[in-house]
Amino acid sequence: MEIKDIPIHFQHAALKTKIKECDLFLDKNYLRVRGKLKPTSRSCWYSYEIKYWYREKIKIFIREPMIKTELDGKKAEHLYKDGSLCLFFPKAKEFDSKKLIVDYIVPWVSLWLFFYEIWLVTGKWQGGGIHPN
(Lines give C-alpha, C1' and ligand atoms only; values in the text may rest on other atoms or scores of the structure.)
Protein backbone atom coordinates (compact mmCIF):
# COMPACT_ATOMS: atom_id res chain seq x y z
CA MET A 1 0.00 0.00 0.00
CA GLU A 2 1.48 3.29 -1.10
CA ILE A 3 1.44 6.16 1.39
CA LYS A 4 0.17 9.35 -0.20
CA ASP A 5 1.35 12.91 0.34
CA ILE A 6 -0.39 14.67 3.19
CA PRO A 7 -2.18 17.75 1.83
CA ILE A 8 -0.86 20.97 3.28
CA HIS A 9 -4.23 21.89 4.81
CA PHE A 10 -4.08 18.55 6.74
CA GLN A 11 -0.65 19.59 8.03
CA HIS A 12 -2.22 22.87 9.15
CA ALA A 13 -5.14 21.10 10.86
CA ALA A 14 -2.88 18.60 12.66
CA LEU A 15 -0.67 21.39 14.01
CA LYS A 16 -3.69 23.43 15.10
CA THR A 17 -5.18 20.41 16.88
CA LYS A 18 -2.05 19.17 18.65
CA ILE A 19 -0.32 22.49 19.44
CA LYS A 20 -2.86 24.91 20.85
CA GLU A 21 -0.37 27.73 21.50
CA CYS A 22 1.03 28.27 18.01
CA ASP A 23 0.62 30.83 15.27
CA LEU A 24 -0.14 29.36 11.85
CA PHE A 25 -0.14 30.90 8.40
CA LEU A 26 -1.28 28.96 5.33
CA ASP A 27 -1.18 30.15 1.72
CA LYS A 28 -1.61 27.64 -1.14
CA ASN A 29 1.58 25.54 -0.95
CA TYR A 30 3.28 27.36 1.94
CA LEU A 31 2.80 26.85 5.69
CA ARG A 32 4.48 28.82 8.46
CA VAL A 33 4.34 27.74 12.09
CA ARG A 34 5.52 29.81 15.04
CA GLY A 35 5.51 28.42 18.53
CA LYS A 36 7.44 27.88 21.74
CA LEU A 37 9.19 24.82 23.11
CA LYS A 38 10.82 24.00 26.41
CA PRO A 39 12.88 20.81 25.91
CA THR A 40 13.25 20.08 29.65
CA SER A 41 11.79 21.45 32.87
CA ARG A 42 15.09 23.28 33.50
CA SER A 43 15.28 24.77 30.01
CA CYS A 44 14.25 28.24 28.96
CA TRP A 45 11.46 28.71 26.44
CA TYR A 46 12.59 28.79 22.81
CA SER A 47 10.62 30.46 20.04
CA TYR A 48 10.78 28.48 16.81
CA GLU A 49 9.61 29.07 13.27
CA ILE A 50 8.96 26.35 10.71
CA LYS A 51 8.63 27.27 7.04
CA TYR A 52 7.27 24.50 4.85
CA TRP A 53 6.93 24.60 1.08
CA TYR A 54 4.74 21.64 0.14
CA ARG A 55 6.69 18.87 -1.61
CA GLU A 56 9.75 21.14 -1.85
CA LYS A 57 11.54 21.99 1.38
CA ILE A 58 11.26 22.76 5.05
CA LYS A 59 13.32 25.24 7.07
CA ILE A 60 13.38 25.45 10.86
CA PHE A 61 14.72 28.40 12.85
CA ILE A 62 15.09 29.25 16.52
CA ARG A 63 14.13 32.91 16.82
CA GLU A 64 14.63 33.50 20.56
CA PRO A 65 16.87 33.25 22.41
CA MET A 66 19.53 33.57 19.74
CA ILE A 67 21.37 30.31 19.10
CA LYS A 68 25.12 30.43 19.65
CA THR A 69 26.88 29.28 16.52
CA GLU A 70 30.27 28.99 18.18
CA LEU A 71 31.54 27.98 21.61
CA ASP A 72 35.18 28.20 22.66
CA GLY A 73 36.24 28.27 19.01
CA LYS A 74 34.10 25.25 18.06
CA LYS A 75 31.27 25.70 15.59
CA ALA A 76 27.83 24.46 16.55
CA GLU A 77 26.86 21.25 14.82
CA HIS A 78 23.75 20.61 12.79
CA LEU A 79 23.18 24.20 11.72
CA TYR A 80 23.02 25.37 8.13
CA LYS A 81 24.75 28.56 6.97
CA ASP A 82 21.44 30.46 7.05
CA GLY A 83 21.02 29.59 10.75
CA SER A 84 18.33 26.97 10.16
CA LEU A 85 18.46 23.70 12.08
CA CYS A 86 19.65 20.45 10.54
CA LEU A 87 17.19 17.96 12.01
CA PHE A 88 17.51 15.11 9.53
CA PHE A 89 19.69 13.93 6.67
CA PRO A 90 17.76 14.91 3.50
CA LYS A 91 19.15 12.09 1.33
CA ALA A 92 17.85 9.51 3.84
CA LYS A 93 14.31 10.91 3.33
CA GLU A 94 13.58 10.84 7.06
CA PHE A 95 11.02 13.58 6.46
CA ASP A 96 8.92 14.27 3.39
CA SER A 97 5.38 15.28 2.43
CA LYS A 98 4.10 11.87 3.53
CA LYS A 99 4.77 12.67 7.21
CA LEU A 100 3.17 15.09 9.62
CA ILE A 101 5.23 18.07 10.73
CA VAL A 102 3.67 17.89 14.19
CA ASP A 103 4.73 14.23 14.62
CA TYR A 104 8.25 14.52 13.22
CA ILE A 105 9.63 18.04 12.95
CA VAL A 106 8.29 19.54 16.19
CA PRO A 107 9.63 16.69 18.39
CA TRP A 108 12.95 16.83 16.50
CA VAL A 109 13.21 20.57 17.23
CA SER A 110 12.78 19.81 20.94
CA LEU A 111 15.38 17.04 20.75
CA TRP A 112 17.82 19.30 18.88
CA LEU A 113 17.40 21.94 21.60
CA PHE A 114 18.03 19.33 24.29
CA PHE A 115 21.36 18.38 22.69
CA TYR A 116 22.15 22.04 22.03
CA GLU A 117 21.85 22.76 25.76
CA ILE A 118 24.20 19.86 26.53
CA TRP A 119 26.63 21.25 23.94
CA LEU A 120 26.52 24.66 25.65
CA VAL A 121 27.69 23.02 28.90
CA THR A 122 30.11 20.37 27.62
CA GLY A 123 31.26 21.68 24.25
CA LYS A 124 30.45 18.25 22.71
CA TRP A 125 27.48 17.43 20.50
CA GLN A 126 25.92 14.28 21.95
CA GLY A 127 23.05 14.04 19.49
CA GLY A 128 24.86 12.16 16.74
CA GLY A 129 23.57 12.41 13.22
CA ILE A 130 25.00 13.20 9.80
CA HIS A 131 25.23 16.79 8.60
CA PRO A 132 25.25 17.29 4.82
CA ASN A 133 28.13 19.28 3.33
Filter segment 48-90 down to the residues that are of a type in the set (Lys, Arg) and in a strand (DSSP E or B), then identify the one that is nearest to LYS4 (Cα to Cα).
LYS57
Where residues in segment 21-33 are farther than 20 Å from ASP82 by Cα and assigned to a strand (DSSP E or B), which of them is farthest from the chain's Cα centre (by Cα)?
ASP27
Cβ pairs under 6 Å, 6+ apart, first in segment 2-20 and assigned to a loop (DSSP other than H, G, I, E, B), second surrounded by 14 or more Cβ atoms within 10 Å (Cβ to Cβ):
ASP5/SER97; ILE19/GLY35
Within segment 39-63, which residues are of a type in the set (D, E, K, R), over 14 Å from TYR116 (Cβ atoms) and exposed (fewer than 13 other Cβ atoms within 10 Å of the Cβ)?
ARG55, GLU56, LYS57
Quick check: is even one residue across segment 40-61 free of Cβ contacts under 8 Å to residues at least 60 places away in the same chain and in contact with a Gly (Cβ under 7 Å, 6 or more places away or on another chain)?
yes
So, LEU113, is that one modelled with pLDDT of 95 or more, under 17 Å from THR69 (Cβ atoms) and touching a strand residue (DSSP E or B) at 6+ places or on another chain (Cβ under 8 Å) or not?
yes
Criterion violated by LYS36 - all others in (1) of a type outside the set (Phe, Trp, Tyr); (2) surrounded by 13 or more Cβ atoms within 10 Å (Cβ to Cβ); (3) free of Cβ contacts under 8 Å to residues at least 60 places away in the same chain; (4) part of a loop (DSSP other than H, G, I, E, B) satisfied:
(4)
Criterion first (in contact (Cβ under 8 Å) with a residue 40 or more places away in the chain, out of contact with any Gly (no Cβ under 9 Å at 6 or more places or on another chain), farther than 22 Å from HIS12 by Cβ and not aliphatic (A, V, I, L, M)) does GLY127 satisfy it?
yes
Restrict the check to segment 78-87 and report whether at least one residue is without any contact (Cβ under 8 Å) to a residue 40 or more places away in the chain and surrounded by fewer than 13 Cβ atoms within 10 Å (Cβ to Cβ).
yes
Scan segment 91-116 residue by residue and report those that are closer than 20 Å to ILE19 by Cα and in a helix (DSSP H, G or I).
ILE105, VAL106, PRO107, TRP108, VAL109, SER110, LEU111, TRP112, LEU113, PHE114
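The values are calculated or read from the model by the stated rules, or taken from the named source; none is laboratory data. Bear in mind that the values here come from a model prediction, so they are computed numbers and not experimental data. Cβ sites come from the backbone with ideal geometry, for glycine too, and all protein chains shown count toward neighbours.
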